[in-house]
Amino acid sequence: MIQRIFFLFFLTVILTACASLPEPEGFLYQELQTKPFALASWARIGQEGLPLRIYIEGDGFAWVNAYTPSTDPTPSELMVLDMAQRDPSANVVYLARPCQFIMPRSCRVYYWTNGRFDSNVIGAEAEAVRRLAAQYKAPKVELIGYSGGATVALLAALRLPEVSKVYTVAGVLDHKEWTAYHEDSSLNGSLNPADYKDRLAKIPQTHFVGGADKNVPVSLTESFVYSLNNDQAELIIVPNASHNTGWVGIWPRLIRPIN
């Protein structure tokens with residue numbers, strides 16, 4: 001009886017997630033099977049064979065409050081998807097994080113809390129990027145990561161020679177410094193971009209940070225960018241933007257088409 005109840009609960013969770021999938025105009029949904037997660041994605045492809053830009057979602061609704069993790073990390077706001085829709089590039093993909101929108105059996109709370117940047121998470125996202133690039137015959141790929149998605153984008157880029165540039169928006173670039181700043185517990189089990197600065201310094205990157213962002217303040221982004229000691233790493237401060245406001249409306253003026 002207990003097993004049956006669990007199965008019905010699990011099935012209900014899956015059906016609920018599937019029923020609530022967004023339908024952005026001009027984008028087609030695709031579920032990407034990776035190891036060990038199925039990842040939700042939406043793509044707007046104008047012409048195969050052109051460069052591809054992929055947006056990686058943030059941590060989503062990871063916590064109910066400071067002490068209680070959520071049971072579903074699907075983002076409650078679709079700011080990153082809205083930004084992807086406003087991107088002027090021909091080929092654009094929005095890529096969710098593990099357990100967002102769909103909940104495969106491999107999901108557990110660890111993967112959107114302490115293990116949100118676990119090697120399995122980074123591996124799955126990198127595999128999804130690689131498959132998307134092959135599917136659309138993209139000669140090169142750019143990644144855009146928001147908040148915790150910036151961490152994923154940087155770490156995935158280390159595994160993907162086809163990535164030509166990484167953009168971050170309000171990005172958590174060194175989660176050890178970030179958790180220390182907020183006096184939070186460290187993310188045990190998570191990889192950290194700051195541990196790979198020598199390799200990351202070789203990747204062209206632009207980091208957007210909001211001047212009014214209290215979650216990821218300018219000082220943290222500046223510290224990471226300057227520590228790379230690389231003229232290919234650009235820092236752009238958007239004065240009136242906070243962590244999750246002030247980005248969508250001005251995004252077409254901040255980002256150029258990939259070519």
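The values are calculated or read from the model by the stated rules, or taken from the named source; none is laboratory data. As the structure is a computational prediction, the values presented were derived from the model and not from experiment. Positions of Cβ are generated from backbone atoms using ideal geometry, with glycine treated the same way; all protein chains shown enter the neighbour counts.
Summary of values
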| item | result |
| --- | --- |
| Residues that are in a helix (DSSP H, G or I) and either among the β-branched types (V, I, T) or over 26 Å from N240 (Cβ atoms) (or both), drawn from segment 145-174 | T151, V152, L155, A156, A157 |
| Matching residues in segment 223-245 - criterion: being assigned to a loop (DSSP other than H, G, I, E, B) and surrounded by fewer than 18 Cβ atoms within 10 Å (Cβ to Cβ) | N229, N230, D231, Q232, P239, N240, S242, T245 |
| Single condition L39 does not satisfy, out of (1) in contact with a Phe, Trp or Tyr (Cβ under 8 Å, 6 or more places away or on another chain); (2) surrounded by 21 or more Cβ atoms within 10 Å (Cβ to Cβ) | (1) |
| Boolean, R86 is within 24 Å of H243 (Cβ to Cβ), at pLDDT 95 or above and of a type in the set (K, R) | yes |
| Any pair with Cβ under 6 angstrom, 6 or more apart, that starts in segment 210-233 at a residue that is within 11 Å of L173 (Cα to Cα) and ends at one that is small (G, A, S) and outside any helix (DSSP H, G or I) | V216/A170; V225/A233 |
| Hits in segment 209-222 (condition: in a loop (DSSP other than H, G, I, E, B), among the small types (G, A, S) and surrounded by 14 or more Cβ atoms within 10 Å (Cβ to Cβ)) | A212 |
| Long-range neighbours under 6 Å by Cβ, at least six apart or interchain, first residue free of Cβ contacts under 8 Å to residues at least 12 places away in the same chain within segment 178-205, second assigned to a loop (DSSP other than H, G, I, E, B) and of a type in the set (S, T, Y) | T179/S186 |
| Enumerated strands (runs of 3 or more DSSP E) restricted to segment 11-118, each holding at least 1 residues that are of a type in the set (D, E) and more than 15 Å from the chain's Cα centre (by Cα) | 28-33 |
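Conditions (1) of a type in the set (V, I, T); (2) buried (at least 16 other Cβ atoms within 10 Å of the Cβ); (3) touching a residue at least 40 places away in the same chain (Cβ under 8 Å); (4) in contact with a Cys (Cβ under 8 Å, 6 or more places away or on another chain), marked per residue:
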| site | (1), (2), (3), (4) |
| --- | --- |
| S70 | no, yes, yes, no |
| E77 | no, no, yes, no |
| L81 | no, yes, yes, no |
| Q85 | no, yes, yes, no |
| P88 | no, no, yes, no |
| L95 | no, yes, yes, no |
| T113 | yes, yes, yes, no |
| S119 | no, no, yes, no |
| I122 | yes, yes, yes, no |
